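Q: Here's a structure for you.
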Amino acid sequence: MPAKSRFTRLDAFTKTVEDARIRTTSGGIVTLTSLLLIIYLVWGEWAAYRRITVHPELIVDKGRGEKMEIHMNISFPRVPCELLTLDVMDVSGEVQTGVMHGVNKVRLRHESEGGGAIESTALDLGVDDGGKHLDPEYCGQCYGAPAPANAIKSGCCNTCAEVREAYASVSWSFGRGENVEQCEREHYSEHLDAQRREGCRIEGGIRVNKVVGNFHFAPGKSFSNGNMHVHDLENYFAGGEGVEHTFSHQIHQLRFGPQLPDTVTQTQSKGLSYSNHHLNPLDETTQFTTEKAYNFMYFVKVVSTAYLPLGWERTNSILDIPHELIELGGYGKGGKGGSVESHQYSVTSHQRSLQGGDGGGEGHKERLHARGGIPGVFFSYDISPMKVINRETRAQTLSGFLVGVCAVIGGTLTVAAALDRALYEGGQRVRKMHSN
């Protein structure tokens, strides 16, 4: 048997001769409708294939020795910048007092004046030129305290700030700098009184060890007294004429690590949409109090979160780069393929009066508040052992797309053929009935 005959017997798609075909109006309408439906459904399959979704995964965080950046923008409308101190400490024993690197203090006008920022030329209090105008042989005394290690002139206290630093190193209260030559020369107390009605905004970022720790905003210079962390509260409680300082505050933004891309914060995953508020729940939080001796505490649970874009391949982690080589604000982002290592967090808050008493004002008379403490705003953070990975993937594979297209075309044509056959048979029967 010739080869052609063998293949002819295997033909599953038998043909009809042209004379045996019947074309009808209803068949044309069904054909056109089928084509439009096929185009619409194929376009839907193409859109599904091109759509990128973010799938979260939960794994154990195996990172070691990593750092973490904390970015903040917080306003204190009733505490001047001169009295506000930011301290950071953690369970590893690392303590950063009076943090200024990477953090800006912006003086704010009084609330009655709108609370706007004061021009940058007036942002520093009592800033001296480091005693450059003094006699080169001049060596200011430190009034019984050891000179600070970072003094401009070794073994001397030539500025008011250096005297304050020296006092703090031996846990002495500084006050307004009365009878301190350097502070009287710089008019420290006069400048302090001029700022009494001002507020302060802290903005910027700090880099900390990725271990359990806390950072807090409290009044006065901080120092260690034995195993206790203490602040010089004299100027804070003294207040000024017609001025009462309190730690009412507004958290404009607080996040741990770099901001995740919009593709994560705006993409829906499993019916839930991410937003900045879900990732940073303390954003735009406002707390108010009329008491001086009052503190606010936020207990934060930090969860490591990675964003892996489409096409990402594991090489070396961007966290393997020594953090000293990365500028503040860049740690955790800029990896190969656009990957980002950041953090999400959940938070609970508590507030209490340092005068003690029960919680009757909060509707909990059975609750007793401890007496004592430091007024301020405290953030205690704990690190979760789990890690969330947001991985970009295509909603459909190429093979899935091709199968879907074939199913659309085949299914639509099969249904259209059955419908056309039904219309044709129905029309034939109706004509027979009329002819009879």
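Q: Of the residues in segment 1-57, how many are modelled with pLDDT under 85, part of a helix (DSSP H, G or I) and among the polar types (S, T, N, Q)?
A: Of the residues in segment 1-57, 4 are modelled with pLDDT under 85, part of a helix (DSSP H, G or I) and among the polar types (S, T, N, Q).
Q: Still on this model: Of the residues that sit in segment 165-176 and are small (Gly, Ala, Ser) and assigned to a helix (DSSP H, G or I), which one is surrounded by the most Cβ atoms within 10 Å (Cβ to Cβ)?
A: Only one residue tops the list, namely Ala168.
Q: Sticking with this one: Which of the following residues is of a type outside the set (A, V, I, L, M, F, W, C), over 18 Å from His187 (Cα atoms) and at pLDDT 75 or above: Gly140, Gly114?
A: Gly114
Q: If a residue must be open to solvent by less than 10 Å² (accessible area, probe 1.4 Å) and either of a type in the set (A, V, I, L, M) or more than 18 Å from Leu354 (Cα to Cα) (or both), how many such residues does segment 294-307 contain?
A: Total satisfying the criteria: 5.
Q: Taking strands (runs of 3 or more DSSP E) that fall entirely within segment 350-398, which contain at least 1 residues that are at pLDDT below 85 and on the phi > 0 side of the Ramachandran plot?
A: Result: 357-359.
Q: Determine the pairs where a residue that is in contact (Cβ under 8 Å) with a residue 40 or more places away in the chain, located within segment 62-74, has a partner that is outside any loop (DSSP other than H, G, I, E, B) and open to solvent by 40 Å² or more (accessible area, probe 1.4 Å) with Cβ atoms under 6 Å apart, the partner being 6 or more residues away or on another chain.
A: Going by the 6 Å Cβ cut-off, the qualifying pairs are Lys67/Arg207; Lys67/His323; Glu69/Arg207; His71/Arg255; Asn73/Glu203; Asn73/His252; Asn73/Gln253.
Q: Is it the case, given these coordinates, that His245 is under 22 Å from the mean Cα position of the chain (by Cα) and at pLDDT 85 or above?
A: Values: under 22 Å from the mean Cα position of the chain (by Cα): no; at pLDDT 85 or above: yes.
Answer is no for this residue.
Q: Another question, if that's okay. Starting from residues that are among the β-branched types (Val, Ile, Thr) and over 20 Å from Cys406 (Cβ atoms), keep the ones in segment 35-73 and report whichever is farthest from the chain's Cα centre (by Cα).
A: The extreme case among them is Ile52.
Q: While we're looking at this one, here's another question. Go through (1) under 44 Å from the mean Cα position of the chain (by Cα); (2) surrounded by 14 or more Cβ atoms within 10 Å (Cβ to Cβ); (3) outside any loop (DSSP other than H, G, I, E, B) for Val403 and report which single condition fails.
A: (2)
Q: Check whether at least one residue in segment 241-248 is under 19 Å from Val163 (Cβ atoms) and of a type in the set (D, E, K, R), and report yes or no. Let's see the steps before the verdict.
A: If we filter segment 241-248 for residues that are under 19 Å from Val163 (Cβ atoms), which is where we start, we get none.
No, every residue in segment 241-248 fails to be under 19 Å from Val163 (Cβ atoms) and of a type in the set (D, E, K, R).
Q: Asn179 passes all but one of (1) open to solvent by 10 Å² or more (accessible area, probe 1.4 Å); (2) part of a loop (DSSP other than H, G, I, E, B); (3) under 29 Å from Arg109 (Cα atoms); which number fails?
A: (3)
The values are calculated or read from the model by the stated rules, or taken from the named source; none is laboratory data. Not measured: the values here are computed from a predicted model. Virtual Cβ from ideal backbone geometry, glycine too; neighbours counted across all protein chains shown. Each accessible area value is taken on the protein alone, full model and side chains, heavy atoms only, with ligands, DNA and RNA left out. Shrake-Rupley method; radii C 1.70, N 1.55, O 1.52, S 1.80 Å.
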